[in-house]
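*Asks:* Below is one structure. I have some questions about it.
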Amino acid sequence: MSRTLKRDIPGEDWRVTAEDVAAKGWPALFGDAVDPGVALVIEIGFGRGEFLLDLASAEPRVPHVGVEYSTKRVLKMARRLARLGLRNVRLVDAMAETLVRDVVVPGSVRDFWINFPDPWPKKRHHRRRLLQAGFVRVLAERLVVEGRLHVATDHEGYAEAIDAVLSAEPSLENVLAPAPFVRDVPGRRPTAYELEWRAEGRPMHFFEYRRRRFTG
Ligand SMILES: C[S@@+](CC[C@H](N)C(=O)[O-])C[C@H]1O[C@@H](n2cnc3c(N)ncnc32)[C@H](O)[C@@H]1O
């Protein structure tokens, strides 16, 4: 039996559009919910949203943005945020590549989190993968100096490609060097996909890069 998707937002609706951001800017969209002048934390492809909720709850005065192209997921998360009364999260129903490129200004992000991006395992679909050289360059430019890019995947082939593309970006530095990634991050909250893949015994790959002070 299919359940009807509830569309009402039981409180404040924290969904914003790229046009809102372009017209008003992030500081106006967050208002007094966060401390002024604080760099953004952005999760791309937040899925069920539990990871973003944890991040935002741990730092309630820091602006958090969730970008997700599943309209249903964004709606569900908006309902959850409203119920919880969390005020420091804004949600955007958008393709991350476009949103980050068009309305996130360079040097404005403290952390990007990308957890279990779709691996597109077939070779002919690799071009659909999120982590490509061009987008990694855009992500790196959006970070503040010392800002972090965190990526997790369970997929061996995608992990190799991610390693190649991140290590080739001159403005990023591997925090975990000489290891390309780690299998576990103590204290890290598992996402819904992570729990599923761990139950299947798949190996984890957690990457962490930071924006260099000087680019080569
Ligand atoms: C495999 S799921 C992982 C979900 C969640 N991060 C987790 O670990 O449980 C990938 C998510 O990224 C979203 N997504 C994929 N490509 C995207 C893109 N280009 N922009 C925004 N969201 C995207 C999908 O809708 C999906 O929710």
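The values are calculated or read from the model by the stated rules, or taken from the named source; none is laboratory data. This structure is a prediction, so every number in the text was calculated from the model and none was measured. Heads up, the Cβs are rebuilt from the backbone with ideal geometry, glycines too, and the neighbour counts pull from every protein chain shown.
*Asks:* Name the pairs: first residue in region 175-200 and closer than 19 Å to Asp163 by Cβ and more than 9 Å from the ligand (Cβ to nearest atom), second residue of a type in the set (Lys, Arg) and at pLDDT 95 or above, Cβ to Cβ under 8 Å, at least 6 apart or on different chains?
*Replies:* The qualifying pairs are Val175/Arg148; Val175/Arg210.
*Asks:* Kindly check whether there is at least one residue in region 166-180 that is within 17 Å of Phe116 (Cβ to Cβ) and among the hydroxyl-bearing types (Ser, Thr, Tyr).
*Replies:* No, that holds for no residue.
*Asks:* While we're here: Any idea which residue in region 108-145 is nearest to the ligand (Cβ to nearest atom), counting only those that are among the aliphatic types (A, V, I, L, M) and out of contact with any helix residue (DSSP H, G or I) (no Cβ under 8 Å at 6 or more places or on another chain)?
*Replies:* Restricting to residues being among the aliphatic types (A, V, I, L, M) and out of contact with any helix residue (DSSP H, G or I) (no Cβ under 8 Å at 6 or more places or on another chain), the top hit is Ile114.
*Asks:* Does Pro36 fit the bill of being touching a residue at least 24 places away in the same chain (Cβ under 8 Å), assigned to a loop (DSSP other than H, G, I, E, B) and either of a type outside the set (A, V, I, L, M, F, W, C) or over 19 Å from Val138 (Cα atoms) (or both)?
*Replies:* Numbers: touching a residue at least 24 places away in the same chain (Cβ under 8 Å): no; assigned to a loop (DSSP other than H, G, I, E, B): yes; either of a type outside the set (A, V, I, L, M, F, W, C) or over 19 Å from Val138 (Cα atoms) (or both): yes.
No, not satisfied.
*Asks:* When residues of region 1-31 are filtered for being assigned to a loop (DSSP other than H, G, I, E, B), modelled with pLDDT of 95 or more and of a type in the set (Gly, Ala, Ser), how many remain?
*Replies:* 1
*Asks:* Could you please give the count of residues in region 83-107 that are more than 12 Å from the ligand (Cβ to nearest atom) and crowded, with 17+ Cβ neighbours inside 10 Å?
*Replies:* So the answer is 7.
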